[in-house]
Structures are given as structure tokens and as C-alpha cells.
Amino acid sequence: MCSYIVEKAALYGSAKGANGWMRIDTANVYYDHPYHTPLDHALAIDFVNEAEGARERIAVELSAESALALVDKILAALKSGEAAHGALPHQHAHDHSHAHAHDHTHHADEKAEATA
């Protein structure tokens, strides 16, 4: 049974897709049946720019084990970066205090569009 529950994280960054680089401001993260990866369930992350209507997305599907390993490597990279370059900034020079907000939303409409 699909849950259609999405963890939503505000971001400040960029991603490269089929049309080149784009600004991203949101990651939609969910664990459900993948669209492409040959697994029963996968962690999916859709990077979008909601401020510009989320017309384009960068999608990633990972096994649970791969997702956990990636989390470990992200934390390790931030730790070594902090050691090499000094304390990590708590927010970007612009006001992005919302960057750590979490929001639960339902994913049914987007999932239905993708399978149609």
C-alpha cells in the first residue's frame, strides 16, 4: 500500500538537469514504490524550485541502504569541510531561515500524474 506521505524540506542551492543548471528551493522526500529503480520500495528525492512553479525536477531513487550511506557521507563531508574551512554558516547570506523547515504533504496528485 502506498502512503503518499512526503517530507518536504526547504533548500537553498542548485541542481543540474536535462536543461542545464537550475535553482532549487525544495526537496520532496518519500519512501515508496519507485518509478524506475527495480526495487519494491525506494527513497525518492525530487528537487524542485517551487517559487518558479516547480516546472522542472531532478529526481533520485535510492535503496534504503544507499540512502543511509549517503546521509553518513553528507555528514562526514560537512564535518571535514568545517574542519578545513571553519565553522559552517547557519544560514546563507540571504535570509533563508526557512531552510530547515519540515512539512508533511500528500503526494497522491503527483504520483497519479506520473503513472497516467
When the chain is fully extended, how far beyond the present Cα-Cα distance does Glu82 get from Tyr4, taking 0.36 nm per residue of separation?
-> 24.5 nm
Given a Förster distance of 22 angstrom, what is the FRET efficiency for Ser66 paired with Val29, based on the Cβ-Cβ distance and rounded to 0.05?
-> 0.95
For the pair Lys16 and Glu50, what calculated FRET efficiency results from E = 1/(1 + (r/R0)^6), where r is the Cβ-Cβ distance and R0 = 22 Å, to the nearest 0.05?
-> 0.75
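Throughout, read-outs are computed from the coordinates displayed, never taken from laboratory work. Since this is a predicted model, take the numbers as computed values, not measurements. Virtual Cβ from ideal backbone geometry, glycine too; neighbours counted across all protein chains shown.
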